[in-house]
Amino acid sequence: MTDTVLTEVRRATLAALVDTFVAEAPHDAHLTVGQYLTASLPAEQLAGILQLIDVFVLVGLKNQPQHIREVAVGVVAGISPETAAGVGAMRQLALSFTGAPADE
């Protein structure tokens, strides 16, 4: 996969990731997060986020039930400080675009 394209597989995985952070996120939130990523992030940051999404593609996140997605997200976040930061950034985006409150 190229580092600048949000493919259909990546979009589906991104939607599953958003749904992992925000139960039953509205469909337009998935689109908004994807549009924000591709339109607003500098190329280097976008490439990093897309690499993170690719990790979730490889673990089959989009095909898993909620409880398995939660575990997978936790495992991936534990790989390194960089992946933890990326997962945290994706969580914040999901919360921002869905209007969901952040955990205290």
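Taking the Cα centre of the range 8-98 as reference, the dipole from Cβ charges on Lys and Arg (+1) and Asp and Glu (-1) amounts to some 60 debye. Extension gain, Q92-Q35: 0.36 nm per intervening residue step, less the Cα-Cα distance, totals 19.0 nm.
The label-point distance for E8 and V71, in a model that sets each label 7 Å from Cα toward Cβ, rounds to 3.0 nm.
All of the numbers you see were taken from the coordinates with simple rules; none came from a lab. These numbers come from a predicted model, not from an experiment. Every residue, glycine as well, gets a Cβ built from its backbone with ideal geometry; the counts of neighbours run over all protein chains shown.
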